[in-house]
Structures are given as structure tokens and as C-alpha cells.
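Contents: one structure, followed by commentary.
The values are calculated or read from the model by the stated rules, or taken from the named source; none is laboratory data. Every value quoted in this text rests on a predicted model; they were computed, and no experiment measured them. Cβ atoms come from the backbone with ideal geometry, glycine included; neighbour counts cover every protein chain shown.
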Amino acid sequence: MKILNLHGYHGSPRNSAYKALEKEGREIVSPELDYDSLSADEVLEKLRGLIAVHSPDFIVGTSLGGFYAALICAETGLRTVLVNPCLMPFMILPCRSREFIAAFGRLAYLDAANVSCIVGDDDELLGDHKFTETLLHNERFRRVAGGGHSGATLPLGEYFDEVLCRK
């Protein structure tokens, strides 16, 4: 199974999700994404190219990477796992609000059946994730009591084992 892993804003390709997937022996493609120098459309174009070359079975996206993973899922139907996704980045990075709002509209095409999501209840950056839960609520949506924004505060290995192995 091949997984495309998308890190968050100013994050590392070897983020907590990568490390949890690596421990499970998954084949991981984890590009370094410079969200500051690329527009939202340029990031999406780069991701489309990676998908064409690597043909991943899943996308895993953390924080801002979760926003882009959700957009790609809406476009392609690829199964996706989101970790504390920042689905409204225009609230966190208002200097880029115009491009994020334009891209945000594409989430209307997201099929929650293709998405698994884990969030921390004590996410100090994104808050309560109520919008995320409303949009993505299904049997695979998990809230972790005491979990923060960092994926290191979440039981990612257990969660990935559960959702990546489902039929």
C-alpha cells in the first residue's frame, strides 16, 4: 500500500504521521511543500503530478496538508485520512484568504465516505473542530481527549492501523 503524506504549514515531510506510517512498514511518498512560496492552485497542481507518478492508495494530510488532502479527495475520490485538518485556512492565514476561500468551495464535492479523520480535543491552534466534525462525521471520525494540534499527541499508529486496513 502506497501513501501520499502531506505535512502541515512549516511542517516536515517526516512528521508524526510519517513516523507512525513508517513504523507500520507502509510505502510513503512525503514531499516537502513550501506553502509560503506556492499558491493554493500551485500546491494542488504539484499534488496532482505526484499522484499521477506514484499512484497512491491513500492520502494522509495533517493540518494545512489536511486541507489540500481533502481538496484532492473531493477531486479524485482517493481515500484520505486527515489529522487535525485545517479546513478553513483563511481563518489561520488571513493574508492568503482570497485563494483559500476560492479553494474552500471545492470541499462541497467531498464525499465523507472516502475520509477518515482524527482530531485532538485540546487543539490549541484550530480549536474545537466542530466544523470538521459536521463536515466529515462518520464512524471513523475520532476525537482524542487531551490531544493537541501536534500529531505526536494522538494515537496515530493505532488509528492508521484501523482505517487503512478497512475494506
Region 145-155 - residue that is crowded, with 18+ Cβ neighbours inside 10 Å and not polar (S, T, N, Q) and, of those, nearest to Val83 (Cα to Cα): Gly151
For region 104-146, which positions are small (Gly, Ala, Ser) and more than 23 Å from Asp161 (Cα to Cα)? Gly105, Ala108, Gly127
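This table checks each residue for (1) touching a strand residue (DSSP E or B) at 6+ places or on another chain (Cβ under 8 Å); (2) within 19 Å of Asp161 (Cα to Cα).
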{"position": "Tyr9", "(1), (2)": "no, no"}
{"position": "Asn15", "(1), (2)": "yes, yes"}
{"position": "Glu42", "(1), (2)": "no, no"}
{"position": "Leu47", "(1), (2)": "yes, no"}
{"position": "Val53", "(1), (2)": "no, no"}
{"position": "Pro56", "(1), (2)": "yes, yes"}
{"position": "Ala70", "(1), (2)": "yes, no"}
{"position": "Ala74", "(1), (2)": "no, no"}
Which pairs turn up if I take residues in region 96-112 that are over 12 Å from Ala40 (Cβ atoms) and look for partners that are among the small types (Gly, Ala, Ser) and in a helix (DSSP H, G or I) with beta carbon separation below 8 Å, at least 6 apart in sequence or on another chain? Leu107/Ala70; Leu107/Ala74; Ala108/Ala74; Tyr109/Ala74; Leu110/Ala70; Leu110/Ala74; Asp111/Ala74
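So that you can scan it fast, the table gives a plain yes or no per residue for (1) more than 20 Å from Ala17 (Cβ to Cβ); (2) among the hydrophobic types (A, V, I, L, M, F, W, C); (3) at pLDDT 95 or above; (4) surrounded by 13 or more Cβ atoms within 10 Å (Cβ to Cβ):
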| residue | (1), (2), (3), (4) |
| --- | --- |
| Phe58 | no, yes, yes, yes |
| Phe67 | no, yes, yes, yes |
| Ile92 | no, yes, no, yes |
| Arg106 | yes, no, no, yes |
| Val119 | no, yes, yes, yes |
| Arg143 | no, no, yes, yes |
Is it the case that region 34-47 has a residue that's surrounded by 13 or more Cβ atoms within 10 Å (Cβ to Cβ), more than 14 Å from the chain's Cα centre (by Cα) and under 11 Å from Asn5 (Cβ atoms)? no
Output the residues belonging to region 121-141 that are surrounded by 12 or more Cβ atoms within 10 Å (Cβ to Cβ), out of contact with any Asp or Glu (no Cβ under 9 Å at 6 or more places or on another chain) and of a type in the set (D, E, K, R). Asp122, Asp123, Glu133
Can you tell me how many residues in region 119-154 are touching a residue at least 12 places away in the same chain (Cβ under 8 Å) and either charged (D, E, K, R) or not in a helix (DSSP H, G or I) (or both)? 24
If Ser63 passes every condition in (1) in contact (Cβ under 8 Å) with a residue 12 or more places away in the chain; (2) surrounded by fewer than 24 Cβ atoms within 10 Å (Cβ to Cβ) but one, which one does it miss? (2)
